Amino acid sequence: MKLVRVLLLVVFSAPVCGATDLTGNWLAATPLPDGTQRKVYFDLKQQDSKITGHVRLTQFYYTITESTGTPDAFTVTGTMQDGDSPRRVVYEGRLVGDELHMSTRRRPDAPLTEVVAHRVADGEGAMPARIEPPPLHKVAYNGLAKTPPMGWNSWNKFAGRVDDATVRAIADAMASNGMKNAGYTYINIDDTWEGEKRDANGNITTNKKFPDMKALANYVHSKGLKLGIYSSPGPNTCAGYEGSYAHEEQDAKTYAGWGIDYLKYDWCGARNLYTDQEMQAVYQKMGDALRASGRPMVYSLCQYGRNDVWKWGPDVGGNLWRTTGDIRDAWDSMTKIGFNQDQLSPYAAPGHWNDPDMLEIGNGGMTDVEYRTHMSLWSMLAAPLIAGNDLRDMTPAIHDVLTNKEVIAIDQDPDGKQASRISRSGDQEIWARALAGGAYAVALFNRAKDDAQMSLKWSDVGINGKPRKARDLWSHSDVKIGGADYSATVPGHGVVLLRLSTK
Ligand code: GLA
């Protein structure tokens, strides 16, 4: 009996928390060159050998669903549902004094990264409380983007390296190298311009890379161009920077004050607070805020084509909406996206465009022939033409692809009718669209590696008899119109793009 009492005393007096307990809030912060920090927050609760809680990093908020070990050697696995797909993060580590020394992989196939987390105040880094989305109503059309927007965006080439000097230099290049003359207007700063913290009044700030956004807008405007910016309806953007959550009206006013002309609004961290079904209401909130700011701004929705955005994009004041996940500078990625847009043609119209993502033309991952296919396909799709390469440094061939005015005229046709696939045979596809004035554009795409002979009946496009004129928009020459058929050799991964006039 005495022995039992002693044992009980030992068990109940053993420390359950203190230096050996992981319970609490932790922050692993890595300084970035723009003066902000990449932050990973851990809110942990340890009960015996079980660890529960959350890991919050960039746009993601994981719930710890598995754990093993003790503070001397533990593993936690966080999981979250991202639309239809689950995500997972694993940290392995140990408590060293009052620091957590851990290792993780950014992606399952990435090398191990070491992180050190320090204790922070209770609640620091917590996900903000959810604000109920507003009831639905229709946001009035802002009158912009009567034809698909044309411009440049920083992400595909520069990602986190975009800064004020680069944006000015790109504006200089666009204004002087024929791009502006060909119709490109918007210079869009993507993610990573935001400061780490809002100011004392809750205003969004910029980081070191963008010392004066208003001065930058003035500069871009002085070149006869327009400036675009980027944010998220979530607390964090995709790269983990400050989003517009709970500050929509205030941010729209700030952008208006700076002289911003275009907003790309990227779902990102909103995924932790809202379901896909709530997207419409969430996007409506910024649509209203932009209208209330009094400055016309093109509103670009970026939520990767979820929840049939093309059905409600115009209702939230959207001028364009992404229809897919992110493009990569590779033939497979570009064609998988571009040739998959067929069902969406009914939803494109002046003021409201399907956006199969920005151009990769000139970024080096495809051949010039493939980039012509990219440009032709996007123009057939009445897609926004947002260049994503370094406009200061283009080969003549890439310059010709991006500034082919006859191809751009297809994209910018005032009727805004997106092409559909009219036939497909193996790797060969023919797409057509009606143009203003009774004309048509027809594209013969050869997705195979080798050259192919392709043919077309004029009647397939909807022309009775023969067109009056058929022009090849890449060779800039009229083609001979023989009988009821047309045929051509189309290079591997290439295209023949024709404009057919009937009057
Ligand atoms: C998402 C978007 C991209 C880009 C990045 C920036 O992935 O789809 O176009 O804006 O975020 O973080």
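Here are some notes:
- Residue within region 157-175 that is open to solvent by less than 40 Å² (accessible area, probe 1.4 Å) and assigned to a loop (DSSP other than H, G, I, E, B) present: yes
- Some residue of region 468-475 being among the acidic types (Asp, Glu), touching a residue at least 24 places away in the same chain (Cβ under 8 Å), touching a Leu at 6+ places or on another chain (Cβ under 7 Å) and outside any loop (DSSP other than H, G, I, E, B): yes
- Subset of region 216-259 (residues that are within 14 Å of the ligand (Cβ to nearest atom) and among the aromatic types (Phe, Trp, Tyr)): Tyr230, Tyr241
- Lys197 outside any loop (DSSP other than H, G, I, E, B) and away from the ligand (no atom under 15 Å from the Cβ): no
- Here is the figure for region 181-196: residues that are more than 23 Å from the chain's Cα centre (by Cα) and either open to solvent by 30 Å² or more (accessible area, probe 1.4 Å) or β-branched (Val, Ile, Thr) (or both) total 1.
- Count of residues meeting criterion [out of contact with any Phe, Trp or Tyr (no Cβ under 9 Å at 6 or more places or on another chain) and open to solvent by less than 50 Å² (accessible area, probe 1.4 Å)] in region 65-95: 3
- Residue count for region 283-306 under the criterion of being open to solvent by less than 60 Å² (accessible area, probe 1.4 Å) and not in a helix (DSSP H, G or I): the result is 9.
- The condition of being within 16 Å of the ligand (Cβ to nearest atom), of a type in the set (Val, Ile, Thr) and assigned to a helix (DSSP H, G or I) holds for only one of Val309, Val369, that being Val309.
- Subset of region 237-253 (residues that are more than 25 Å from Tyr41 (Cα to Cα) and buried (at least 21 other Cβ atoms within 10 Å of the Cβ)): Asp251, Ala252
- Scanning region 327-341 for residues that are open to solvent by less than 30 Å² (accessible area, probe 1.4 Å), in contact (Cβ under 8 Å) with a residue 40 or more places away in the chain and assigned to a helix (DSSP H, G or I) yields Met334, Thr335, Gly338.
- Sole exception among (1) within 20 Å of Asp98 (Cα to Cα); (2) within 30 Å of the chain's Cα centre (by Cα); (3) open to solvent by 20 Å² or more (accessible area, probe 1.4 Å) for Phe42, by number: (3)
- Summed over region 375-397, the residues that are within 23 Å of the chain's Cα centre (by Cα) and under 27 Å from Asp450 (Cα atoms) give a count of 7.
- Region 74-128 holds strands (runs of 3 or more DSSP E) entirely within its bounds, and those carrying 3 or more residues that are within 16 Å of Thr58 (Cβ to Cβ) and without any contact (Cβ under 8 Å) to a residue 40 or more places away in the chain map to 85-96.
- When Gly269 is tested against (1) away from the ligand (no atom under 13 Å from the Cβ); (2) touching a Pro at 6+ places or on another chain (Cβ under 6 Å), just one condition goes unmet, and that condition is (1).
- Tallying residues that are within 16 Å of the ligand (Cβ to nearest atom) and over 28 Å from His247 (Cβ atoms) within region 142-178 yields 1.
- Only residues that are away from the ligand (no atom under 16 Å from the Cβ), within 19 Å of Ser300 (Cα to Cα) and among the charged types (D, E, K, R) were counted across region 316-356, and they come to 0.
- Condition broken by Tyr274, with the remaining ones in (1) within 16 Å of the ligand (Cβ to nearest atom); (2) within 18 Å of Val316 (Cα to Cα); (3) in contact (Cβ under 8 Å) with a residue 60 or more places away in the chain satisfied: (1)
- Selected residue (criterion: nearest to the chain's Cα centre (by Cα)) from residues of region 307-324 that are among the aliphatic types (A, V, I, L, M) and either surrounded by fewer than 18 Cβ atoms within 10 Å (Cβ to Cβ) or closer than 24 Å to Ile337 by Cα (or both): Leu320
- Any hit, region 121-141, residues being open to solvent by 70 Å² or more (accessible area, probe 1.4 Å), more than 16 Å from the ligand (Cβ to nearest atom), among the aliphatic types (A, V, I, L, M) and modelled with pLDDT of 95 or more: yes
- Asp212 within 13 Å of the ligand (Cβ to nearest atom), within 14 Å of Asp163 (Cα to Cα) and of a type in the set (Asp, Glu): no
The values are calculated or read from the model by the stated rules, or taken from the named source; none is laboratory data. Because the structure is a prediction, the values reported are computed rather than measured. So basically every Cβ, Gly included, is an ideal-geometry build from the backbone, and we count neighbours across all protein chains shown. In case anyone asks, the SASA skips ligands and DNA or RNA and just uses the protein heavy atoms, side chains included. Shrake-Rupley method; radii C 1.70, N 1.55, O 1.52, S 1.80 Å.
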